[in-house]
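Shown next, in structure tokens, is the structure this report addresses.
The values are calculated or read from the model by the stated rules, or taken from the named source; none is laboratory data. Computed from a predicted model, the values in this text were never measured in an experiment. Glycine gets a Cβ as well: all are built from the backbone with ideal geometry, and neighbour counts include every protein chain shown.
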Ligand SMILES: Nc1ncnc2c1ncn2[C@@H]1O[C@H](COP(=O)(O)OP(=O)(O)OP(=O)(O)O)[C@@H](O)[C@H]1O
Ligand code: SF4
Ligand SMILES: [Mg+2]
């Protein structure tokens, strides 16, 4: 799941997990299906059971997601005690194993330490250990590497990817970094103003981006060519700012920032729809088919689209 700050990624993830604060949050429409089961409107007890056991989440801010007054071992062990009925001793031993699994050195000692005693990267590993403790089928990682430096980011992504593969677990990775998703994601959903504006597999998204916003995101990061070099085009951030989600522009929400906007874009909301037969490629743009046909080297700043 990819999108700028404020595009609604975290709120969407919280809705899937069933932890959206309501009020102020309110779910007015839609559906969350997990293994065929509708979760919106499901019994809160059922939701609580699924959390941890079947789906777990790593939060954007690891420090505030951990309780500062308990050791990390205690916090991981709690799940084994309350969900698996383990003794405190066994649960703590399992917690140390989990820390070891996420490659925290000297896990047996560190299990007794408190969150503030860990570096940002190590804290994120603790969060991953906690999320994986009950062996969930789905892990949602909300910007798990944003606050970390580049080397540590890569290590955390490698760890997540490895665990995903070894466990056969689904991973929903939330990020504003196109480079990060490109490497690990099978399918990418681009979000704008609280909605998905493009959804397809990684190869199709790169080869034939259908939504001008996706194209804008691509132009704002360095692109690597087949030979491994960086293409010469200058980097261009998407102009303007994402809208406040309490004042979403009418018509296409992207129209105030879109170089291709026409009258119809101001008047009519473009729903997400299939735009490329046989490629499971969906986009929410009136002119998506044209952009797909033009491919990724279409200039991002063209002023007018006729028709
Ligand atoms: N579907 C929605 N409808 C109405 N408001 C929304 C919706 N989704 C998100 N919001 C509001 O928009 C704001 C930003 O949403 P959110 O925190 O999910 O963004 P984000 O993409 O996770 O941003 P960041 O990258 O900064 O973490 C929140 O204050 C939230 O209340
Ligand atoms: S519908 Fe119009 S404004 Fe929206 S992205 Fe497409 S061209 Fe741009
Ligand atoms: Mg967020």
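If only residues of the stretch 138-155 that are assigned to a loop (DSSP other than H, G, I, E, B) and surrounded by 18 or more Cβ atoms within 10 Å (Cβ to Cβ) are counted, the one that is nearest to ligand 1 (Cβ to nearest atom) is 143. For residue 1, the criteria (1) assigned by TED's automatic domain parsing to the domain that holds residue 180; (2) at pLDDT 90 or above; (3) touching a strand residue (DSSP E or B) at 6+ places or on another chain (Cβ under 9 Å); (4) under 25 Å from residue 175 (Cα atoms) hold in every case but one, which is (1). Out of 100, 135, 158, one residue alone is part of a helix (DSSP H, G or I), surrounded by fewer than 21 Cβ atoms within 10 Å (Cβ to Cβ) and in contact with a helix residue (DSSP H, G or I) (Cβ under 8 Å, 6 or more places away or on another chain). It is 100. Scanning the stretch 256-287 for residues that are touching a residue at least 60 places away in the same chain (Cβ under 8 Å) and outside any strand (DSSP E or B), we see that the one that is surrounded by the fewest Cβ atoms within 10 Å (Cβ to Cβ) is 280. Scanning the stretch 245-260 for residues that are under 17 Å from residue 198 (Cα atoms) and in contact with a helix residue (DSSP H, G or I) (Cβ under 9 Å, 6 or more places away or on another chain) yields 251, 252, 254, 255, 257, 258, 260.
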